Each structure stands twice: as C-alpha cells, then as structure tokens.
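A quick write-up on the structure given underneath.
The values are calculated or read from the model by the stated rules, or taken from the named source; none is laboratory data. Keep in mind that this is a model prediction, so the values were computed, not measured. Reconstructed Cβ throughout: ideal geometry from the backbone, glycine too, with neighbour counts over all protein chains shown.
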Amino acid sequence: MVLPGFVRTHGHDYQFPIIGIVQAPPGGTIAPDDYIGGVDGIRKYMAPVVDVVSQAPDRLIGCFTYNPRYGVEEGVEEFERLVKESGFKLLKINSNNHAYRPDRATNWLFPALEKAEELGVPVVYHMGETPYAMPSQFYPAIDHCPKGKHIMGHFFKVPDTFCHDVEWMAKRNENVWVETGWCTPKRMVEFVELLGPEKLIFAIDTPPNNPGLVMQMLEVLTDPPPLGLSLSEADLEKILGDNLANLLGLL
C-alpha cells in the first residue's frame, strides 16, 4: 500500500505511514528481447527494485518476483539473498504470466515457497485469470507450506463463480489472507461477514483502480446494514493497513 500523509474520505480521517512496496512487473520476465538466464538475468531484472529500495530503506520495501524460468535454484538463492541483504519482505508468484500451472509444476514452485516459509516472508499469488491462476490450482501450495503466509491476490478479479473458492480457502486455512483488489460492495460485505476483518488486506491491483474509490467501498462497511456491517473503526483499520503491517513484521 502506498498512501502518503493525511487522507480523509467518507467522513473518516487516516494518518498513514509513508511506506510502499516495490516490485518489478511480472510480465517483463517471460521472454524479453534481451533475455539472460540464471543469476545474471535475475539480478538484471531485479536491479531497479534494489536500487529504488536502497535509496529509501525506511520508506520502501522490496518484493521479489519469482520466475522459475530463470532457474529454480538460482531464483530461490537470489530471493534469500535479497531478503537478508536488502530487506525484501514479500515474494510474488505470477504463474499465469510466467506460463506454468502451479498445481502441476510443483518442482518449480515449492522450493520458493519453502524458502519463504523458512524466512517468514509472506507470499502473494496473482489470481483471477485462466489458464494458470485459478483458485483451486493453489491448494497444493497452501497444503505444502502450512506454516507459510499466503495472500491470495485480487481475488475479486476472479469470475464471480470462482471467487467463493478463495473465500472458503481463507475461511478454512488460518494462514491464508485475501486482498481486496477489484472488490465490489456486494461481495465485500458478504466476505467480511464470513471471514472477519482480520483476513482482508487493502490493495487495488492496478492503477486504473483508484485507491480512493476502493477505500470508500471498504468504508461503507462501517455503515449499518444492509449496506454495511456496522464495522468498527479499529476493524476497518485492520483491513486498510494493520493486517499487512503485521504480516510484514512492521507492527
């Protein structure tokens, strides 16, 4: 989340710390014209993120974009190095952009998840697109790393029929959270009522989703039914930042 300074919407006042999470665009790692494999390729790809984070380590946090096509062992080693040397605190999995099925190519995916579990680093999964980023395809990952921290990214982007898979995935697994990207007021009320505010993490996924508009949808939760849930300000704050801050060890 990147929300500088003072924000007021829907009658609520917020004072956010100026902290942002930086990651490289996942699509850029598929087969760029200047593709280089192995450690050299990974370091070249992650260099802009490392550079930006190093300029403001008190305000910016690095997220490692893992692409097994660069090399599984190399990717895991570079991920660990950036966590320990550059303070990276998130691992991003985008199996759809990198063209592998996560429940089949487990020899590609599991080593990175095991390392994230060992390091205590949350994993964010790109979700909501066919053919390789549908909810059920991530059950093996959750089962394989029961002590890991799994964040299902922008699960409202999943077609309506499948978003309930993510809903129950989070309900039945203590170590699974969901991110609010592409949310709608209708589903937000339903899901917060089932999961509780502790399981949701505010995010917008992409720039076309205006942060202020998404925040307003979440703030409606403090209204009385049927539009809201009479959610407390403290519980709203959990969704807007405290849950993620806890996962990252910032609180």
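Taking the condition at pLDDT 95 or above, touching a Lys or Arg at 6+ places or on another chain (Cβ under 8 Å) and of a type in the set (Phe, Trp, Tyr), does PHE88 pass?
On the way: at pLDDT 95 or above: yes; touching a Lys or Arg at 6+ places or on another chain (Cβ under 8 Å): no; of a type in the set (Phe, Trp, Tyr): yes.
Taking the combined requirement at face value, the residue does not satisfy it.
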Please list, ordered by residue number, the helices (runs of 4 or more DSSP H) wholly in region 178-251 having 1 or more residues that are acidic (Asp, Glu), surrounded by fewer than 17 Cβ atoms within 10 Å (Cβ to Cβ) and in contact (Cβ under 8 Å) with a residue 40 or more places away in the chain.
233-237
Evaluate the following for LYS171: is it out of contact with any strand residue (DSSP E or B) (no Cβ under 9 Å at 6 or more places or on another chain), in a helix (DSSP H, G or I), basic (Lys, Arg) and surrounded by fewer than 20 Cβ atoms within 10 Å (Cβ to Cβ)?
yes
